1. When you scan the stretch 242-252, do you find a residue that is in the same structural domain as residue 276 (by TED's automatic domain parsing) and closer than 22 Å to residue 333 by Cα, even just one?
2. Please count how many residues of the stretch 389-404 are at pLDDT 55 or above and under 14 Å from residue 109 (Cα atoms).
3. Which condition from (1) in contact with a strand residue (DSSP E or B) (Cβ under 7 Å, 6 or more places away or on another chain); (2) outside the structural domain of residue 112 (by TED's automatic domain parsing); (3) under 30 Å from residue 154 (Cα atoms) is the one that residue 383 breaks?
4. Please enumerate the residues belonging to the stretch 313-331 that are within 17 Å of residue 357 (Cβ to Cβ) and surrounded by 24 or more Cβ atoms within 10 Å (Cβ to Cβ).
5. Has the stretch 89-96 got at least one residue that is touching a strand residue (DSSP E or B) at 6+ places or on another chain (Cβ under 8 Å), modelled with pLDDT under 95 and not in a loop (DSSP other than H, G, I, E, B)?
6. With respect to residue 38, is the statement that it is crowded, with 20+ Cβ neighbours inside 10 Å and within 30 Å of residue 251 (Cα to Cα) true?
7. Considering only the stretch 162-188, state which residues are assigned to a loop (DSSP other than H, G, I, E, B), under 20 Å from the mean Cα position of the chain (by Cα) and modelled with pLDDT of 95 or more.
8. For the stretch 80-96, does any single residue satisfy the condition of being over 26 Å from residue 155 (Cα atoms) and either touching a helix residue (DSSP H, G or I) at 6+ places or on another chain (Cβ under 8 Å) or surrounded by fewer than 22 Cβ atoms within 10 Å (Cβ to Cβ) (or both)?
């Protein structure tokens, strides 16, 4: 099959959407399919990508109040898609709900191709962070209405977890919803040099180290995590928290760390190279801590588990699926003191931590990228067959309902 991917975000912009696209494209390529990705031009290196020759970069400008992201030019996007019409794609897969969504749905309709969208982001919980001038109830209403309308404009909606599937049904989405999580190259995070990471960042070998990896954004509930860590420090003064990532909440979190008198106990190390640096970061940690309540899946939990790092996390939305039956993780209470008590108990119990670490890679293996890509492949094939039958019906003398 030949699949056209459209996204308003991709590497070098680091987030779960970029990782998901890259992972699925690599696995689909191994399965014999061809994918072409249309994404913004970030004005420089696009990051490592094994299929960079099949990425069409569209001129884009920085997004106000969010300089990491880019808004594609609508005219340039339409021109890029016109240039791809002769490629004879079998299916259009939209990854984001902005210009890429509207351009992708329009192209699919014009070319009578099946169109799917992956609902990566729980916007009802995100919008109020970026549109603070709107009342919370209004921003949630707008997010739900937009999500419902966009999802009902495509043939099938793909979601990474059962909680998001239920949320979309509650919104009134009537199109089929399929759960296909993003898989993980389970060997990619194994074998990291934790000692080298600690040496590089000045963390002594025996100093208890907690780790957060992900976007440093307000919706990630990082205020909770820092306040929880302050409670941990009152019981284990030597503990250190490493925050790996960048984002719009970084200045606020730096100030909060100072207000909580955490000093250099919180280390902000920025983005790390996935191949050369991130495995060592995971390996250096005693515990991976995660408090987001808005995740659609929680890929970083799987990365930590694959690295053999025990996880302590809230079971909320998409992380529930990852944590269900997980033997390498401990589900924390949704309050700062209860979360901190669990972290302290694990830091003081090396044997329990070792048992969690030993079980973690097996938990991650259940989310192998090849397995998830094969599930996506089956879905694609079914939609392409259905679209083909629909086109044949249109050609028949009896006619049929027009393509929608």
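1. Here is the first cut: in the stretch 242-252, the ones in the same structural domain as residue 276 (by TED's automatic domain parsing) are 242-252.
Narrowing the set further to residues that are closer than 22 Å to residue 333 by Cα leaves 242-243.
For the stretch 242-252, residues in the same structural domain as residue 276 (by TED's automatic domain parsing) and closer than 22 Å to residue 333 by Cα: present.
2. First, the residues of the stretch 389-404 that are at pLDDT 55 or above: 389-398.
Now restrict to residues that are under 14 Å from residue 109 (Cα atoms): 390-391.
Going through the stretch 389-404 one residue at a time, the tally reaches 2.
3. Here residue 383 meets the rest and fails (2).
4. 313, 322, 326, 328, 329
5. no
6. On the way: crowded, with 20+ Cβ neighbours inside 10 Å: yes; within 30 Å of residue 251 (Cα to Cα): no.
No, not satisfied.
7. We begin by selecting, within the stretch 162-188, every residue assigned to a loop (DSSP other than H, G, I, E, B); these are 172-176, 180-183, 185-188.
From what's left, under 20 Å from the mean Cα position of the chain (by Cα): 180-183, 185-188.
Once the filter is applied, which keeps residues that are assigned to a loop (DSSP other than H, G, I, E, B), under 20 Å from the mean Cα position of the chain (by Cα) and modelled with pLDDT of 95 or more, the stretch 162-188 yields 180, 181, 182, 183.
8. Our first condition is that a residue be over 26 Å from residue 155 (Cα atoms); within the stretch 80-96, this holds for none.
No, there is no match, as no residue in the stretch 80-96 is over 26 Å from residue 155 (Cα atoms) and either touching a helix residue (DSSP H, G or I) at 6+ places or on another chain (Cβ under 8 Å) or surrounded by fewer than 22 Cβ atoms within 10 Å (Cβ to Cβ) (or both).
The values are calculated or read from the model by the stated rules, or taken from the named source; none is laboratory data. In this text the structure is predicted, and so the values were computed from the model without any measurement. Using ideal geometry, Cβ is built from the backbone for each residue, glycine included, and neighbour counts are taken over all protein chains shown.
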